[in-house]
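The values are calculated or read from the model by the stated rules, or taken from the named source; none is laboratory data. Since this is a predicted model, take the numbers as computed values, not measurements. Glycine also receives a Cβ, built like all others from the backbone with ideal geometry; neighbour counts cover every protein chain displayed. Accessible surface areas use protein heavy atoms only, side chains included; no ligands, DNA or RNA. Shrake-Rupley method; radii C 1.70, N 1.55, O 1.52, S 1.80 Å.
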Amino acid sequence: MSRIDLQKASSKGLKELLGHLLGSGKVSAVFSLRKDPETGSYDLGLITEEAGLETVKPLAPVMIANAGQVLSSFAPSAEPIAVVLKPCELRAFIERAKREQGSLENILTISMTCGGVLTLDRVVSGLDSDKIGDYENHCFAGDIHSETRETCKACEYFVPMNADITVSMVGQKDAGTKCHIYLNTDLAKEMAKGFGPDPVEEDFDNSLVEGLASKRAAEKEKLYGAVMSGKGGLDAVIDTFGKCLGCHGCSRVCPICYCMICDFESRNFDNDMPYFEKELEQKGALRLPPDTMFFHIGRMIHMSFSCVGCGQCSDVCPADIPVASVFKKVGEETAAIFEYVPGRDIEEAIPVMVFKEEEFTEFID
Amino acid sequence: MEKTFVPRITSFLCTWCSYTGADLAGTGRMQYPTAIIPIKVMCSSRVDPVFILKAYLKGSDGVFLGGCHPGDCHYEVGNYHTRRRFAIVKKIFESLGLEAERLRLSWISASEGPKFARVANEFTEKIIEMGENEAKKKIFL
Amino acid sequence: MNDFAALGAKIKAADGPGEAIKAFLRQAVEKKVADAVLVPVKVPAGNSYAWILVTDMSILDDASPVAPVMPVQGAKALKSLTRKGHGELTVMAVMRPCEIRATFELLKLNQVNLEKVVLVSYDCPGAIPFRDYVKDPGFGEKNFQAVMAAGGPAEKNVKPACVICDEFSRVDSDIHFGWFGESGSSVLVIPSSDRGVEVLGSMGMECSDDIAGWKKTISGLKEKKTGKRTATLTETAKTIQGLDGLLGTFSECIGCHNCMAVCPICYCRQCYFDSEVAKKTPDFILETAKKRGGLAFPSDRVMFHTGRMTHMSLSCVSCGMCTDACPVDIHVAEVFSYMADITQPAFEYTAGRNDGVPLPLRKYEEKEVPQVHEIVKEAEGEEAAHE
């Protein structure tokens with residue numbers, strides 16, 4: 001592994017690298033978070049001209065949509081593209097690629113050690129340079145920022161697992177004035193040739209992230225303890241998801257939920273009047289639209305083991321249900337029985353697609 | 001007079017093994033409880049894990065899955081997939097604090113009539129012990 | 001609105017209109033004019049309400065017919081029940097006027113079956129914004145109490161769509177509960193359809209009270225609200241002029257399509273804009289980006305919102321669900337209401353009525369929509385000039 005050190009702020013340094021890649025024609029486009037100069041809103045830009053790079057904010061603590069999900073719409077790409085993704089977005093994309101919703105072919109992945117993203121509410125209410133500065137101070141010091149998403153605060157996978165290029169942010173005290181770019185793969189080294197000073201041969205310095213890792217681990221324990229108010233059982237599930245209004249926004253923004261028509265919106269679970277009448281006979285009352293808990297637990301069955309904990313579901317929930325916290329916890333437990341880590345390795349098969357001849361005897365009576 | 005609790009156990013039985021096993025139990029005049037409500041499926045892997053959840057949330061006191069022994073699947077690997085899917089559902093139930101013991105998967109071959117009767121009796125007894133599924137009464141599901 | 005009856009039944013309502021409606025529902029079930037009632041009930045955690053179809057009347061004790069929030073549009077709840085047709089049970093559904101109007105739009109779209117449904121509406125003061133309510137349900141309840149106590153359509157603390165709503169009173173429901181302008185201790189039960197007359201008759205309710213006073217109050221309030229609506233939507237119009245206006249309005253949009261999902265009119269199982277047809281190939285996307293120097297994602301945001309306008313603005317009832325569900329605070333409801341106020345009059349159509357007038361796009365006449373004729377004439381003139 002090698003590293004390029006630049007004498008400028010991280011975001012500026014990364015921008016220059018993107019400029020080099022696009023300017024030299026090594027890539028045809030750059031995909032990155034961007035701030036629209038006219039509206040002041042954040043979006044994700046697929047940029048093909050160097051001048052357009054002025055607007056990119058590759059390291060901003062913002063996630064308006066999981067970029068891994070968006071990347072699917074143009075990857076596989078016929079031409080090389082450099083993409084800047086947060087670690088969870090990259091993992092989400094790899095999970096999508098396993099489901100044939102994209103491919104890493106012709107994609108140069110750039111990521112960063114991530115301090116988390118601010119909640120969507122916070123982003124919408126406006127981010128000035130002070131706020132960003134405050135966030136960066138926390139991030140560079142290896143601290144948790146209080147306005148980041150709940151699942152970010154509890155995220156232990158903030159070091160990209162398989163990016164070609166990693167920008168060091170977390171615990172990197174000088175990241176505000178210096179830019180440290182790790183070239184993790186041969187592709188990265190090839191692409192960065194002719195850019196900046198000569199790379200030094202050095203492995204990623206794990207001591208930088210150890211501080212945040214332990215803080216996050218503690219935070220995770222706290223979060224998991226608070227999931228469903230620390231209770232279990234059907235009543236706790238109803239208390240948690242009871243205010244769901246059935247918009248299914250959580251599934252639409254979920255990078256793992258790739259189905260065009262969700263099973264739970266399909267004809268499979270349509271009911272007719274006689275069915276409802278039978279249920280009324282039993283219970284004396286029923287909720288409409290039906291199947292609220294069925295949707296959420298059902299979605300866990302479908303995708304929890306691939307949940308990357310990006311937190312997008314919680315942020316779009318109009319009812320403020322902590323969807324992501326529940327899914328992250330449940331997902332971690334379902335993934336664990338398969339020793340699976342979503343997005344770790346593109347070669348690692350999705351648990352439900354493979355099996356071993358001898359396994360799970362404990363579940364069989 | 002106190003009403004005796006007769007549970008309803010939604011039972012998905014693979015046509016090649018468990019269902020035939022149940023048949024054999026019947027023709028062999030082995031007793032098994034009426035709580036078992038058999039649903040014949042072509043393979044245990046036909047059972048979408050979501051069916052298990054639906055049965056539970058709609059008030060089945062138990063959900064039973066019967067498939068061929070590993071290696072004996074008529075479609076070669078169907079039951080291996082069933083096993084993984086079932087493990088996921090079980091784990092999610094455990095994680096949410098739902099009653100995972102109400103779900104059961106057993107391998108019962110076509111020749112194992114006695115085993116079917118035994119498993120059916122055992123599971124029914126266990127469900128009776130556990131009592132009614134509370135989901136039956138919940139209106140906010 | 002049909003000017004159906006001049007008479008209603010004045011009943012006591014010492015504990016407010018909500019309790020009066022509950023008493024009425026109990027009586028309706030007792031007298032067997034209804035077998036089940038559809039009402040909002042507070043969820044066990046106490047932080048929201050859900051539509052509950054009730055046959056066990058003891059559950060009705062916990063119901064709040066006039067709920068502070070509308071988490072699910074009532075028409076949507078009714079759709080999930082009757083989309084596949086009616087059953088044996090007669091259902092009495094208590095809904096806000098906008099929910100009833102949406103129900104009639106869904107009826108025209110064959111998404112509900114009202115064969116065995118009795119629709120009950122009430123003078124609606126508005127609903128608390130859902131996202132405010134879930135942040136602090138206690139505060140939301142208090143706000144709503146104040147709104148109810150004011151005894152008229154609220155000017156503040158309610159959803160922006162409610163602030164500008166001029167259809168807050170009797171719509172084409174079967175039975176209407178009028179209480180605006182009435183003394184706090186009584187409400188008027190007003191039959192508003194043949195079925196309503198029949199139901200009240202079977203319940204032995206005598207409609208002998210003159211409702212002219214109430215009608216006058218309502219039309220006064222309505223006029224005020226219409227003025228407010230026009231003024232507000234005129235302001236909204238300024239913000240969405242031209243492509244830049246639209247881009248600006250929807251610039252925060254994250255493409256979650258919550259607005260579509262909660263819209264009672266958007267009944268498609270799969271939205272066109274989420275479908276395979278609307279998807280572009282990777283090559284096309286890259287080529288487009290190259291042509292423009294870049295492309296912003298989520299893509300096609302203006303396409304989605306304006307497209308949705310073309311699909312449903314003719315039926316928009318301005319219920320404001322879209323704004324309630326938007327995670328980035330775009331005032332979708334105002335924009336769509338503004339559009340509805342243009343598209344519906346163009347066909348002399350008003351969404352939400354049950355007057356036998358079909359949906360504008362389900363019929364045509366040889367000569368109609370004068371605006372379009374003007375455009376066609378102009379074009380023909382130009383063509384002639386060229387020749």
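Taking Cβ atoms as reference points and 14 Å as the exclusive limit, the residues near residue A:262 contribute a net charge of -2, counting Lys and Arg as +1 and Asp and Glu as -1.
Among the protein heavy atoms, those of residue C:308 account for about 10 Å² of accessible surface (1.4 Å probe, every chain in place). Over all projection directions, the Cα-based convex hull of the stretch C:57-120 averages an area of 4.6 nm². Centre-to-centre, using Cα atoms only, the stretch C:41-102 and the stretch B:50-102 are separated by 34 Å.
Can you give the angle from 0 to 90° between the axis of helix A:323-336 and the longest principal axis of chain A, with both taken from C-alpha atoms, to the nearest 10? The two axes meet at around 90 degrees. Using all alpha carbons of the stretch B:97-138, what is the percent of pairwise distances in each 10 Å bin, ordered from the shortest bin to the longest? Using 10 Å bins, I get a P(r) of 24, 46, 23, 7, 0 for the stretch B:97-138.
Just to be sure I understand: if I project the alpha-carbon convex hull of the stretch C:309-365 onto a plane and average over all orientations, what area do I get in nm²?
For the stretch C:309-365, the mean projected area of the Cα convex hull comes to 4.2 nm².
In order along the stretch A:259-274, the phi-based Karplus estimate (6.51 cos²θ - 1.76 cosθ + 1.60, θ = phi - 60°) of 3J(HN,Hα) comes to 4, 5, 10, 4, 3, 7, 10, 7, 5, 3, 10, 6, 10, 10, 4, x Hz; Gly and Pro are listed as x.
Mean sequence separation of contacting Cα pairs (under 8 Å, at least six apart), scaled by the length of chain B, corresponds to a relative contact order of 37 percent.
Only bridges with both residues in chain A count here: give the DSSP antiparallel percent, nearest 5. Working shown, then result.
On the way: 18 of 28 bridges.
The antiparallel proportion sits near 65 percent.
Put a dot 7 Å past the Cα of residue C:243, heading toward its Cβ, do the same for residue C:374, and the two dots end up 2.5 nm apart. Shown in residue order for the stretch B:127-141 are the 3J(HN,Hα) couplings computed by the Karplus curve 6.51 cos²θ - 1.76 cosθ + 1.60 at θ = phi - 60°: 5, 4, 4, 6, x, 5, 6, 5, 4, 3, 9, 7, 9, 9, 4 Hz (x for Gly and Pro). Measuring nothing but how far apart in sequence close Cα pairs (under 8 Å, 6+ apart) lie, relative to its length, chain A scores a relative contact order of 20 percent.
The aspartates and glutamates whose alpha-carbon is closer than 20 Å to the alpha-carbon of residue A:220, local same-chain residues fewer than 8 away aside, are A:89, A:143, A:147, A:150, A:156, A:210, A:315, A:320, A:332, A:333, A:339, B:94.
Couplings 3J(HN,Hα) of the stretch B:15-32, computed from phi: 5, 7, 10, 4, 5, 5, x, 5, 4, 4, 4, x, 5, x, 6, 8, 7, 9 Hz, in residue order, whole Hz [Karplus 6.51 cos²θ - 1.76 cosθ + 1.60, θ = phi - 60°; x for Gly and Pro].
Just to verify a number: FRET efficiency for residue A:282 and residue C:62, C-beta to C-beta distance, R0 = 22 Å, to 0.05? Show your work: numbers first, answer last.
On the way: r = 19 Å, r/R0 = 0.85.
The calculated FRET efficiency here is 0.70.
The separation of the stretch A:32-86 from the stretch A:213-239, counted between C-alpha centres, amounts to 33 Å.
Eigenvalues of the Cα gyration tensor times 5, then square-rooted: what semi-axes does that give for the stretch A:228-363, in whole angstrom, largest first? Intermediate values should be presented prior to the final figure.
Working: eigenvalues 161, 68, 52 Å².
Result for the stretch A:228-363: semi-axes of 28, 18, 16 Å.
Direction-averaged projected area, Cα convex hull, the stretch B:9-138: 7.1 nm², rounded to one decimal.
Which of C:10/C:222; A:231/B:91; A:222/C:135; A:283/B:138 have a Cα-Cα distance over 18 Å? Mind showing how you got there, number by number?
On the way: C:10/C:222 22 Å; A:231/B:91 16 Å; A:222/C:135 21 Å; A:283/B:138 8 Å.
Listed pairs above 18 Å: C:10/C:222; A:222/C:135.
Remark: spin-label model distance residue C:310-residue B:69 equals 6.4 nm, labels positioned 7 Å along the Cα→Cβ axis.
Could you work out how far the C-alpha centroid of the stretch A:310-365 sits from that of the stretch A:121-180, in angstrom? Spelled out, the Cα-based centre of one part sits 25 Å from the other. Taking only the C-alpha atoms of the protein assembly as shown, Rg followed by Dmax gives 30.1, 97 Å. Of all alpha-carbon pairs in the stretch A:318-359, indicate the percentage at a distance above 15 angstrom. Cα-Cα pairs in the stretch A:318-359 separated by more than 15 Å: 53 percent. Given in Å, the Rg to one decimal and the Dmax to the nearest whole number for the Cα atoms of the stretch C:72-197 are 15.5, 43. Its alpha carbons considered, the stretch A:61-170 gives a radius of gyration followed by a Dmax of 14.5, 41 Å. Here the extension length gained between residue A:275 and residue A:190 equals 24.3 nm, from 0.36 nm per residue of separation less the Cα-Cα distance.
Roughly what percent of Cα-Cα pairs across the stretch C:292-333 reach past 17 Å? Mind showing how you got there, number by number?
Values: 375 of 861 pairs.
Everything past 17 Å amounts to 44 percent.
Here's how it looks for residue C:49: its modeled amide H is under 5 Å from those of C:43, which are all 5 or more places away or on a different chain. Note that chain A carries a Kirkwood radius of 21.8 Å, evaluated over its alpha carbons pair by pair.
Grab the alpha carbons of the stretch C:144-295, take their convex hull, and tell me the volume per residue in Å³.
On the way: hull volume 27.4 nm³, N = 152.
In the stretch C:144-295, the Cα convex hull volume per residue is 180 Å³.
State the percent of C-alpha pairs, over all pairs in chain C, separated by a distance greater than 42 angstrom. Tail fraction, whole percent: 16.
Once the 1.4 Å probe is applied to the protein heavy atoms, the stretch A:2-222 comes out at 37 Å² accessible per residue.
Full extension of the chain between residue A:202 and residue A:358 gives 51.9 nm of extra length, using 0.36 nm per residue less the Cα-Cα distance.
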